[in-house]
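Below is one structure, written out as structure tokens; the observations come after it.
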Amino acid sequence: MRFFNAGVFGSAVLFAVLFAGTSFSSGAVAPAGRLEFAIGEVEGEAPAASVTVQQVVAAPKKRTLLPNSNHPVSIADGVAVRFTLLKTSALSEMPATLRALSKTTRLQMRRLALFAPGDPVPRLMAEEATFLASGEWLLKRVLLADRPAAKECKLVWKPGEEPVLTLAKGNSLALNSLLAPPKAP
């Protein structure tokens, strides 16, 4: 009785050699890699903010019987918005710009950080941010400077108005007041 099959052993060795060092990840990094762009540019003025995205990753495809359109196609990971001017309404440009640069229609942000002008520490950090309707973002697991953390909140603004964070229990906070420099005593 033979316990050793040379063909099976050879195939296993060949398979191991071919796939050695290959990583199998759930998402692929977009060819562009790191993205950088400005928002709030008005002719003759400096942009309101610069945006840096560490990487754009394709979301893992889930096999289901029914298609679920709620899952994002791509994830912008490590998004930092550094304001140079306190014009927070410039955030309204981000969804269209990110979708155009990542070449996708559905997009979610992970590890979002908003920095006040000249401040090295972010004033708002969110683990997830999803673009809902025009002028509305859903933020999850949010940390705010000098304020309690929030499990979930919305960043909402109407055309011509500055964004407002709507927190739990109907509380709201103007984003400009969060990003404004602290008042001297």
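Could you grab me the full set of residues in region 100-133 that are surrounded by 17 or more Cβ atoms within 10 Å (Cβ to Cβ) and under 26 Å from G44 (Cα atoms)?
L101, L114, F115, A116
Residues in region 166-178 that are open to solvent by 60 Å² or more (accessible area, probe 1.4 Å) and either within 21 Å of the chain's Cα centre (by Cα) or closer than 22 Å to S74 by Cβ (or both): how many?
Selection size over region 166-178: 0.
Which residues, counting only those in region 50-62, are buried (at least 17 other Cβ atoms within 10 Å of the Cβ), in contact with a Gly (Cβ under 6 Å, 6 or more places away or on another chain) and at pLDDT 80 or above?
Residue satisfying the conditions is V57 alone.
Since A96 meets every condition but one in (1) touching a residue at least 24 places away in the same chain (Cβ under 8 Å); (2) in a helix (DSSP H, G or I); (3) under 22 Å from L35 (Cα atoms), which condition does it not meet?
It is condition (1) that A96 fails.
Only one residue in P185, P163 is modelled with pLDDT under 90 and either over 19 Å from the mean Cα position of the chain (by Cα) or not hydrophobic (A, V, I, L, M, F, W, C) (or both), so which one is that?
When all the criteria are applied, what remains is P185.
Those residues that are open to solvent by less than 60 Å² (accessible area, probe 1.4 Å), closer than 18 Å to T84 by Cβ and either out of contact with any helix residue (DSSP H, G or I) (no Cβ under 8 Å at 6 or more places or on another chain) or modelled with pLDDT under 85 (or both), I need them from region 30-45; list them, please.
A38 - this is the single residue of region 30-45 that is open to solvent by less than 60 Å² (accessible area, probe 1.4 Å), closer than 18 Å to T84 by Cβ and either out of contact with any helix residue (DSSP H, G or I) (no Cβ under 8 Å at 6 or more places or on another chain) or modelled with pLDDT under 85 (or both).
Assess whether L143 counts as being in a strand (DSSP E or B), open to solvent by less than 20 Å² (accessible area, probe 1.4 Å) and either modelled with pLDDT of 90 or more or not aliphatic (A, V, I, L, M) (or both).
When the stated conditions are applied, L143 does not pass them.
Looking at P181, P148, P159, which is the one that is in contact with an Asp or Glu (Cβ under 9 Å, 6 or more places away or on another chain), part of a loop (DSSP other than H, G, I, E, B) and either of a type in the set (K, R) or open to solvent by 80 Å² or more (accessible area, probe 1.4 Å) (or both)?
Every option except P181 fails the conditions.
The values are calculated or read from the model by the stated rules, or taken from the named source; none is laboratory data. Remember, predicted model here, so these are calculated numbers, not experimental data. As a convention, Cβ positions derive from the backbone with ideal geometry for all residues, glycine included, and neighbour counts pool all protein chains shown. What goes into the accessible areas is simple: the full protein's heavy atoms, side chains included, and nothing from ligands, DNA or RNA. Shrake-Rupley method; radii C 1.70, N 1.55, O 1.52, S 1.80 Å.
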